Amino acid sequence: MFSSRVSVAAAAAAALLAVVGAGTAATAAPAPLASRIHDGSFETPRAPVNFFTSYFPGQFMGSWYVSGGAVDLIGAGTWQAAEGDQSIDLNARGAVSQTFTTNVGTTYTVTYSLAGNPYDLPALKTGEALIDGQRFQEFSFDVTGKTYGNMGYVRRQFTFVATGTTTTLTFAGTMSATAANGAVIDDVCVEARGTWPSCAGG
Ligand SMILES: [Ca+2]
């Protein structure tokens, strides 16, 4: 386990590119509201360059809530990110969650980039993605041959049908509690019917 360190991050104002819909007719059928998660790329707050910040249950890591274990927010320059220059390490059994608005009955697609911390064994990093606490996808990544400069990200995807007006997405490590380094997640996107993707990388 990395040691804990709290970064003194400058209050970075997130520059949101607001896309204003051009809908005009009141008689038009309402467009399906797309889900909008925030900062799926884990770019805010900023972790120390070439270092990281550890977050623990009950703490907010920007738009994400740490719901289990310990999660490391990996600063720029530490290792390759899938998008932007930060990512997260779920360590052994760290978990991060975010709740966003959804339309009941609408199908949503979750995509994310997966790699693993190549620092040490075991080589196989495991975790799961949950919707409202229910496991929707297990994932694993073998870091054999991977390096900080060549993380080897792969893209993973699953869908869910919203059952409530809000939905909670969680990524959780499922490694042995003694594992020091785990699965790496970045560039999380949630979109409904292919519209309004919330991933930073498009
Ligand atoms: Ca990122």
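The values are calculated or read from the model by the stated rules, or taken from the named source; none is laboratory data. Treat the numbers as computed from the prediction; the structure is a model and nothing was measured. Every residue, glycine among them, receives a Cβ derived from its backbone with ideal geometry; neighbour counts consider all protein chains shown.
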Next item on the list: Six or more apart or on different chains, Cβ under 7 Å: which pairs go from a residue in the stretch 159-188 that's at positive phi to one that's away from the ligand (no atom under 16 Å from the Cβ)? Could you list them?
Entry: none
Check: If we scan the stretch 137-154, do we find a residue that is in a strand (DSSP E or B), in contact (Cβ under 8 Å) with a residue 12 or more places away in the chain and within 16 Å of the ligand (Cβ to nearest atom)?
Finding: yes
Next item on the list: For G58, state whether it is within 13 Å of the ligand (Cβ to nearest atom) and either surrounded by fewer than 23 Cβ atoms within 10 Å (Cβ to Cβ) or not basic (K, R) (or both).
Entry: no
Check: Can you name the residue in the stretch 36-55 that is of a type outside the set (S, T, N, Q) and in contact with an Asp or Glu (Cβ under 7 Å, 6 or more places away or on another chain) and is also nearest to the ligand (Cβ to nearest atom) among such residues?
Finding: F42
Note to self: Out of everything in the stretch 44-55 that is in contact (Cβ under 8 Å) with a residue 40 or more places away in the chain, over 22 Å from K146 (Cβ atoms) and assigned to a loop (DSSP other than H, G, I, E, B), what residue ends up being nearest to the chain's Cα centre (by Cα)?
What the structure shows: R46
Next item on the list: Looking at (1) at pLDDT below 95; (2) within 20 Å of T168 (Cβ to Cβ), find the lone condition where T44 falls short.
Entry: (1)
Check: Do you know which of the residues in the stretch 71-121 that are in a loop (DSSP other than H, G, I, E, B) and charged (D, E, K, R) is farthest from V188 (Cα to Cα)?
Finding: D120
